[in-house]
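Participant: One structure, as structure tokens, below. Some questions next.
The values are calculated or read from the model by the stated rules, or taken from the named source; none is laboratory data. All values reported here derive from a predicted model rather than from experimental measurement. Positions of Cβ are backbone-derived with ideal geometry, glycine not excepted, and every protein chain shown enters the neighbour counts.
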Amino acid sequence: MRRLATFSLLLGLAACAVPEETPPETAAAPATRRTPQELAARLPERLEQFQRGNPAQLPGGQGVEYPYATPGRRIAGQVQLRAVTGPVGTEALDSELRAMAAEATAGPQHRRLRERGRESVAGLNCITLEGNFGRMPVDSLACAGAFGGKVLRLRLTMARREGRMDEAKRFAEGIAAALR
């Protein structure tokens, strides 16, 4: 009998309990897919010595590209944010990196580059390239990464000088930080 009374009391208290709900102002917003242009709004106008140029739409409306350069164009290149169909995983990023390497190494005779190595820079998959533009020895950094469901493609080229590749890698780190 005592158990029945205790059970009834607990059942009655449970019926009075108010279910806990997440207040509307703290409820998680549904994930929305941003356009490349919306994501590009995070790109800094200046990053260390690099100045951002005017954007250009990629062919077919697949994304946006911003040129970046240091004073005197000691280091110059571009940052692209591209829309992709399907998930942006390791295979997609490897494919982007292979395409960037092919584009860089298939240049005209007076612009020859070859892959020197691969590394990770701030979570980006990168390749370093070396070669010549005419008689000028050059280095290049090409990186691919995923941000907000979009593919980031970053490529910088510079005359071969001590410390310039380090400067290019710091730029890549800054871009990755801005897009996170």
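Participant: Show the residue pairs that are 6+ apart or on different chains and have beta-carbon atoms under 6 Å apart, the first residue being within the range 29-54 and over 16 Å from L154 (Cα atoms), the second being surrounded by 13 or more Cβ atoms within 10 Å (Cβ to Cβ) and at pLDDT below 90.
Facilitator: R33/G149; R34/G148
Participant: Output the residues belonging to the range 69-92 that are among the basic types (K, R) and either exposed (fewer than 11 other Cβ atoms within 10 Å of the Cβ) or more than 18 Å from the chain's Cα centre (by Cα) (or both). Break it down into steps so the answer makes sense when it comes.
Facilitator: Of the residues in the range 69-92, the ones among the basic types (K, R) are 73-74, 82.
The answer is R73, R74.
Participant: Name the one entry in L97, L81, L124 that is in contact (Cβ under 8 Å) with a residue 60 or more places away in the chain and within 24 Å of A40 (Cβ to Cβ).
Facilitator: Just one listed residue meets the conditions, L81.
Participant: Now a separate question. If you take just the strands (runs of 3 or more DSSP E) that sit entirely in the range 65-180, which of them hold at least 3 residues that are basic (K, R)?
Facilitator: Working: elements: 75-82, 111-121, 124-133, 136-147, 150-159.
Those strands (runs of 3 or more DSSP E) span 111-121, 150-159.
Participant: To continue, here is another question. Looking only at the range 74-92, which residues are under 21 Å from Q57 (Cα atoms) and touching a strand residue (DSSP E or B) at 6+ places or on another chain (Cβ under 6 Å)?
Facilitator: A76, G77, Q78, V79, Q80, L81, R82, A83, V84, V88
Participant: In the list E119, E96, E65, which residue meets the criterion of being surrounded by fewer than 16 Cβ atoms within 10 Å (Cβ to Cβ) and either modelled with pLDDT under 95 or not polar (S, T, N, Q) (or both)?
Facilitator: The conditions single out E119.
Participant: Being in a loop (DSSP other than H, G, I, E, B) and either over 13 Å from P71 (Cβ atoms) or modelled with pLDDT of 95 or more (or both) is the filter here; which residues of the range 36-48 pass it?
Facilitator: Within the range 36-48, A41, R42, L43, P44, E45 meet the criteria.
Participant: Looking at the range 132-180, which of the residues that are over 16 Å from A104 (Cβ atoms) and of a type in the set (V, I, T) is modelled with the lowest pLDDT?
Facilitator: V151
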